[in-house]
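Here the structure is laid out as structure tokens; the discussion comes afterwards.
The values are calculated or read from the model by the stated rules, or taken from the named source; none is laboratory data. What you are looking at is a predicted structure, and each value in this text was computed from that prediction instead of being measured. Reconstructed Cβ throughout: ideal geometry from the backbone, glycine too, with neighbour counts over all protein chains shown. We work out accessible area using only protein heavy atoms, side chains counted, and drop any ligands, DNA or RNA first. Shrake-Rupley method; radii C 1.70, N 1.55, O 1.52, S 1.80 Å.
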Amino acid sequence: MAEPAAASDETDDGPHSEPATPAISDDEWYRTVHRPRELQFTLRAVVFGCLIGSVLSAANLYTGFTIGWTYGASITASISAWMVFRGWSSVAKGEHFTVLENNTMQTAASAAAAMAGADLVNAIPALMVLTKRQLTFGQVVAWLISVAFLGVCFAIPLKRQMINKENLKFPSGIAAAETTLAL
């Protein structure tokens, strides 16, 4: 039985809190989790992910402008990617998407939906209200490209810190992964 940690080292989440599991190293991840023979980042996964993402993005914009709420489209993208996965398998006999390709489709689709929701529904209208001026199309495009660029640049360092080192759990990502595996 492990000894309790010092009070200053750890926050108490209640009587039923579980200790955090230690993060695994990159080498251990490559040995135990990585699937080198399975396709992941393919042209068809990216194209279908972008197509799904455009539909989810439009739906997220409509929902955001109608009721003022946007949603994380991870699970919706996961189910939509699986439906494309099944449709492609029935049309192209013998060519099947892998689970990792399905993850690539889901990631592209949910990123597109989140980009539309977070920026076009919340940030840009708020900026226009605060500055009392309307942004031009070029300014909106420049804003979206810069935010997307920052997201791509910070994705790997943030993943290493928050997932690999701190072993944080992300409920929407875990739910999307479990949905994909269950399908």
- Note on the structure: Matching residues in region 125-154 (closer than 23 Å to LEU43 by Cβ and either touching an Asp or Glu at 6+ places or on another chain (Cβ under 8 Å) or open to solvent by 50 Å² or more (accessible area, probe 1.4 Å) (or both)) number 3
- Go through the residues of region 62-77 one by one and say whether even a single one is over 21 Å from GLN40 (Cα atoms), part of a helix (DSSP H, G or I), at pLDDT 85 or above and open to solvent by less than 50 Å² (accessible area, probe 1.4 Å). yes
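Confirm whether TRP88 is among the aromatic types (Phe, Trp, Tyr), open to solvent by 40 Å² or more (accessible area, probe 1.4 Å) and within 22 Å of GLY173 (Cβ to Cβ).
On the way: among the aromatic types (Phe, Trp, Tyr): yes; open to solvent by 40 Å² or more (accessible area, probe 1.4 Å): yes; within 22 Å of GLY173 (Cβ to Cβ): no.
No; evaluated as a whole, the condition is false for this residue.
Can you report the number of residues in region 78-118 which are outside any loop (DSSP other than H, G, I, E, B) and either under 15 Å from LEU39 (Cα atoms) or not hydrophobic (A, V, I, L, M, F, W, C) (or both)? Full working, then the answer.
Of all residues in region 78-118, those outside any loop (DSSP other than H, G, I, E, B) come to 78-91, 99-118.
Checking which are either under 15 Å from LEU39 (Cα atoms) or not hydrophobic (A, V, I, L, M, F, W, C) (or both) leaves us with 78, 80, 85-87, 89-90, 99-107, 110, 117.
Looking only at that region, the number is 18.
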- Note on the structure: Those residues of region 162-176 that are modelled with pLDDT of 85 or more and either surrounded by 12 or more Cβ atoms within 10 Å (Cβ to Cβ) or on the phi > 0 side of the Ramachandran plot (or both) come to a total of 3
- Query: Only one of (1) within 20 Å of LEU51 (Cα to Cα); (2) open to solvent by 50 Å² or more (accessible area, probe 1.4 Å) fails for THR104. Which number is that?
  - Reply: (2)
- Task: Search region 155-183 for residues that are free of Cβ contacts under 8 Å to residues at least 60 places away in the same chain and pair each with any residue that is among the aliphatic types (A, V, I, L, M) and assigned to a helix (DSSP H, G or I) when their beta-carbon atoms are under 7 Å apart and the residues are at least 6 apart or on different chains.
- Result: LEU168/MET162
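Looking at ALA81, ALA58, can you tell me which residue is small (Gly, Ala, Ser) and closer than 16 Å to LEU183 by Cβ? If you could, list the steps in order and put the result at the bottom.
Details: ALA58 fails: closer than 16 Å to LEU183 by Cβ.
Answer to the selection: ALA81.
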- Which of (1) free of Cβ contacts under 8 Å to residues at least 12 places away in the same chain; (2) surrounded by 10 or more Cβ atoms within 10 Å (Cβ to Cβ); (3) out of contact with any helix residue (DSSP H, G or I) (no Cβ under 7 Å at 6 or more places or on another chain) does ASN122 not meet, given it meets every other one? (1)
